[in-house]
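A short write-up of the structure that comes next.
The values are calculated or read from the model by the stated rules, or taken from the named source; none is laboratory data. Predicted, not measured: the structure shown is a model, and the values here were computed from it. Neighbour counts are summed over all protein chains in view; Cβ atoms, including those assigned to glycine, are modelled from backbone coordinates with ideal geometry.
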Amino acid sequence: MAKTAQQPVLVIMGVSGSGKSTVAGVLAGRLGWDLAEGDDLHPEANVAKMHSGLPLTDEDRWPWLELIAGWIRSRTEVGEPGIITCSALKKKYRDVLRGENVVFVFLQGSKDKISDRLASRHGHFMPPSLLESQFEALEEPGADENHIALSVSASPAEEAQEVIERLELVASDAAQGGIS
């Protein structure tokens, strides 16, 4: 019997370098769901600030978080699943994003592990020097938040499969070749 419950909007969250974009891309490909890269919604001023090595303030983040929340609501209000990446480091940020049928997927790893990943990443506006500020800001999701936590010790494909299995996600008809 086909699963009839509404599939969620996933917010793939964690510090820079935790693998949000990679895991989100694998999930979107396997499930056939819409994917949005939260970093693409940053205003140019935010990108320039981070590129210069300055961490964002809460004041910098609020308009960006509202854009992400709008993307999430545009899916949940019509019952469509989706995947969006967003660091969502603080509970008050996640409070802006949360809603019915929203699940946070927290990619967690040690500072050393993520620092190694950042050192090998090229072409991203977020410099490795800001990793410390990310860990300082991080408030891990609590029991009152709809989330799952995954260790970044597995491959992105394995992490994506774990998300699918733990949340009992179902691919869209298009991803299944039209078979329901």
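Summary table below
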{"read-out": "From Thr22, Thr4, residue being among the β-branched types (Val, Ile, Thr), over 20 Å from Ala137 (Cα atoms) and modelled with pLDDT under 90", "value": "Thr4"}
{"read-out": "Among the residues listed as Ala28, Ala88, Ala48, the single one being under 14 Å from the mean Cα position of the chain (by Cα), closer than 21 Å to Gln134 by Cα and either modelled with pLDDT of 95 or more or aliphatic (A, V, I, L, M) (or both)", "value": "Ala88"}
{"read-out": "Every residue from segment 139-155 that is out of contact with any Phe, Trp or Tyr (no Cβ under 8 Å at 6 or more places or on another chain) and buried (at least 18 other Cβ atoms within 10 Å of the Cβ)", "value": "Val152"}
{"read-out": "Per-region count, segment 145-167, residues at pLDDT below 95 and assigned to a loop (DSSP other than H, G, I, E, B)", "value": "4"}
{"read-out": "Wholly enclosed strands (runs of 3 or more DSSP E) of segment 1-118 bearing at least 3 residues in contact with a strand residue (DSSP E or B) (Cβ under 6 Å, 6 or more places away or on another chain) and crowded, with 22+ Cβ neighbours inside 10 Å", "value": "9-13, 82-85, 102-108"}
